[in-house]
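First the structure, in the form of structure tokens, and then the observations on it.
What follows draws every value from the coordinates through simple rules; no lab data is involved. Only a predicted model underlies this, so the values are computations on that prediction, with no experimental measurement involved. Every residue, glycine among them, receives a Cβ derived from its backbone with ideal geometry; neighbour counts consider all protein chains shown.
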Amino acid sequence: MGKQQVITVLLAFLSLTAGAQEHRFSLKEAEELIPREVLKPVKSLIPGNNPSVHDTLETSDPVIKIVLCNDGTWHYMRDVAAMSDSAVFRKAWKENVLNPYNSKLEDLPFRVTLCLADSASRFCCPRQVKVFSPFGWRRRRNHTGVDLPLAHGTPVYAAFDGRVRCSMYNRGYGNIVVVRHASGLETSYAHLSARKVEAGDFVSAGDVIGLGGSTGRSTGPHLHFETRYEGYAFDPQWLMDFETGTLRHGYFVLKRKYLSNTSKYYPESEDEEEEIYKTEEEDRAEAERIAKEMAAAQYHTIKSGDTLLGLAARYHTTVSAICKLNGISSTTTLRIGRKLRVK
């Protein structure tokens, strides 16, 4: 069905279901309902509160369907069966390996635009709550996601439409589900008490993929949620505000430098928009600067008697600078044999 035929059918359907509102849809209004980019924050859908389907219409794109609902509303939907042949669901597809990618960070593009939600792809916050353990260094270990508190047995929802790549038990993550999405993004849901999907299953945003728990290396019931691209983790708070349950933008510009355990989300501001949309030339220059800085980096292996104050004096720097480079505090115990970056 072509665009004009879709508009014609929608006009008839919407006019019939307008009913009590006594509203007739014009051709111009119908044309405005055709999908467009989502440039504004996206609210989380409410699982289990969707009207029943009245009919489904084909479009000129075999992946896109129009769903007509009994309450007179309609929306676009991606046909997951038609998506199964997509290259994104074949590349590095291993159902028993958490990270099947062999990509080198320096080979990835400086930026890639991820379509997260649009007229045909919805969003559901996996767990709407305040983050209690953020992304980044935590107790001298790299925390590759965010921890969201929840009671044992609480439903955990798929954030976006996609296909389950892993549904397995891992010693550290416990019961974990990894979902790959059409954009190439992967989302992970760990420490589950139960997994409700299997590898290969297609899921829609809002589907229950597991129940909250405390399996694996966990100190209590919570959801450990990760976002990864080509195997590299980045702060999920770049994508969504968990406290309000909203997706920050339907489209997200993922920059290569975000794929680092030191690149944490910072609050929205005018500076953020300028940062995200800097030119590729500026990105390349910044990457070259970082590469030169890393090449010039100096490290010191801790020996008996070493102190942060002594190291600062020896390498002509400051204690605060050493702490910042290594994600430690001035009271951190220096263990013999550990390497510290001093420059």
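Here the 3J(HN,Hα) profile of the range 94-104, calculated from phi with Karplus coefficients 6.51, -1.76 and 1.60 at θ = phi - 60°, is 10, 8, 10, 10, 5, 10, x, 7, 10, 6, 8 Hz, Gly and Pro shown as x. Average projection, convex hull of the Cα set of the range 299-341: 2.5 square nanometres. Amide H contacts of GLY213: GLY153, SER193, HIS222, each under 5 Å away and 5 or more positions distant or on a separate chain (H built 1.01 Å from N in the peptide plane; Pro and chain starts excluded). Beyond 18 Å in Cα-Cα separation lie the following of the pairs LYS303/LYS339; LYS255/LYS339; LYS104/LYS257; LYS104/LYS339; LYS43/LYS264; LYS94/LYS255: LYS255/LYS339; LYS104/LYS339; LYS43/LYS264; LYS94/LYS255.
Volume per residue of the convex hull around the Cα atoms, evaluated for the range 162-211, comes out as 63 Å³.
A Cβ-based charge dipole, computed about the Cα centre of the range 105-287 with Lys and Arg at +1 and Asp and Glu at -1, lands at about 1200 debye. Each residue in GLU95, GLU293, GLU230 was given a count of other beta-carbon atoms within 10 angstrom of its own, and listing them fewest first yields GLU293, GLU95, GLU230.
Applying 0.36 nm per residue to the separation of ILE46 and ARG335 and subtracting their alpha-carbon distance, the gain on full extension is 99.1 nm. The calculated FRET efficiency for GLU58 paired with TYR251, based on their beta-carbon distance and R0 = 22 Å, is about 0.25.
In order along the range 170-186, phi translates into HN-Hα couplings of 10, 4, x, 7, x, 5, 9, 10, 10, 10, 9, 10, 4, 6, x, 5, 10 Hz, rounded to whole numbers, per the Karplus curve 6.51 cos²θ - 1.76 cosθ + 1.60 with θ = phi - 60° and x for Gly and Pro. For ILE209, ILE64, ILE336, the sequence from fewest to most other C-beta atoms within 10 Å is ILE336, ILE64, ILE209. Per residue of the range 325-340, in order, report the coupling 6.51 cos²θ - 1.76 cosθ + 1.60 (Karplus, θ = phi - 60°) as ³J(HN,Hα) in whole Hz, putting x for Gly and Pro. So the Karplus estimates, Gly and Pro as x, are 5, 10, x, 10, 10, 5, 9, 4, 6, 8, 8, 4, x, 6, 9, 10 Hz. Straightening the chain between LYS292 and HIS152 buys 45.6 nm, computed as 0.36 nm per residue apart minus the Cα-Cα spacing. The order of CYS115, CYS124, going from fewest to most other C-beta atoms within 10 Å of their C-beta, is CYS115, CYS124.
One chain, two ends: GLU198 and ALA285. Fully extended at 0.36 nm per residue, the span grows by 26.9 nm beyond their Cα-Cα distance. Working from label points 7 Å from Cα in the Cα-to-Cβ sense, the VAL319 to ARG217 distance is 3.0 nm. If R0 equals 45 Å, the separation of the Cβ atoms of THR262 and ASN70 corresponds to a calculated FRET efficiency of about 0.35.
When the Debye formula is applied to the Cα atoms of the range 105-287, each taken as the same point scatterer, what base-10 log of I(q)/I(0) results at q = 0.08, 0.10, 0.18, 0.19 Å⁻¹? With no solvent term, the Cα-only Debye profile gives -0.24, -0.38, -1.23, -1.36.
Between the range 150-194 and the range 230-247, the alpha-carbon centres lie 14 Å apart. Using the alpha-carbon positions of the range 197-244, Rg (one decimal) and Dmax (whole number) come out as 13.0, 31 Å.
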